[in-house]
1. Taking amide H positions as placed in the peptide plane 1.01 Å from N, state which residues far from E225 in sequence (5 or more) or on other chains have amide H under 5 Å from it.
2. For the chain, what is the accessible area per residue in Å² when the probe is 1.4 Å?
3. So for H228, H204, what's the accessible-area order with a 1.4 Å probe, most first?
4. Give the separation of the Cα centroids, the range 29-64 to the range 145-188, in Å.
5. Express the relative contact order of the chain as a whole percentage, based on alpha carbon pairs under 8 Å and six or more residues apart in sequence.
6. Rounded to the nearest 20 debye, what is the charge dipole size of the chain about its Cα centre when +1 sits on each Lys and Arg Cβ and -1 on each Asp and Glu Cβ?
7. With θ set to phi - 60° and the Karplus curve 6.51 cos²θ - 1.76 cosθ + 1.60, what are the ³J(HN,Hα) couplings of the range 60-66 in order, to the nearest whole Hz, using x for Gly and Pro?
8. Over the range 42-190, what lengths in whole Å, largest first, do the semi-axes of the equivalent ellipsoid take, defined as the square roots of 5 times the eigenvalues of the alpha-carbon gyration tensor?
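The values are calculated or read from the model by the stated rules, or taken from the named source; none is laboratory data. The structure displayed is predicted, hence computed values, not measured ones. Neighbour counts run over all protein chains shown; Cβ positions are idealised from the backbone, glycine included. Only protein heavy atoms, including side chains, enter the accessible area calculation; ligands, DNA and RNA are left aside. Shrake-Rupley method; radii C 1.70, N 1.55, O 1.52, S 1.80 Å.
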Amino acid sequence: MTVLSDLLVVQTTDIAISQAKHRLSHLQESIDRDAAKNALAEIDAQIAGFDAEILAANEEISKIDRLSHEHDDKLIKLNKQLKTVIAPREAEALQREIAMVTTERSALDDRELELMAVVEDAERKRSALVPVQASAKSVLASAIMALSSAKQRIDAEIALLVEQRSAQALVVSQAVLATYEAKRKHRPDGAVCRLTGPTCGSCHLDISQGEINSMRAMPIDEFPECPHCGSFIVF
Ligand SMILES: [Zn+2]
């Protein structure tokens, strides 16, 4: 094996490492996990919305209860007063006040009924979401596990490739490896390549027969490069 064919082997492993890393950052399991997370967040938000609605309605019901008691007390007081007054004008005034408080009291009852319906409706909708939330939680847990095992699988694959790459690079000199790394910055998959007929395997341009002949005639310590892209050429 020539130095460059050893380098080609290193490049094959480097490409496999890049592909594995690309797969690691584009995992379907990652997309699935995000979707499951969003689905659960949406259900959590709906439940929180119903909780807030129930809380607000219950707070208003407590306030109404307090006001209703106050109205009842007032009515008792006014009715007592009514029994003691003699002057008809005073009695009329009291009756008007009793009528007003009674109307207010009845409006409070109506509002309380409305709020109880709101609470009942929100509680029903909330209850219906609880099993949906539980299943979204379990979908998310499975998605997290699937993602973790997919990552572990590819991490192990990369670790193996990196180990393989170190072993393969041992036979290539530091200087050649450094040039290869520099070339790889521009052509990650084609820093070193073979010719297909007269065509460079990296840039796919044809090299003249004259140039190919002089590359073939190069001494062993000189490395042929494509005149178009600079890729090392392996014969
Ligand atoms: Zn080329």
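1. Those lying under 5 Å, H to H, from E225 are I233.
2. Normalised by residue count, the accessible surface of the chain is 63 Å².
3. Sorted by accessible area, descending: H204, H228.
4. 47 Å
5. The normalised contact order for the chain reaches 31 percent.
6. 420 debye
7. Listing the rounded values in order: 5, 4, 4, 5, 5, 4, 4 Hz.
8. 83, 17, 10
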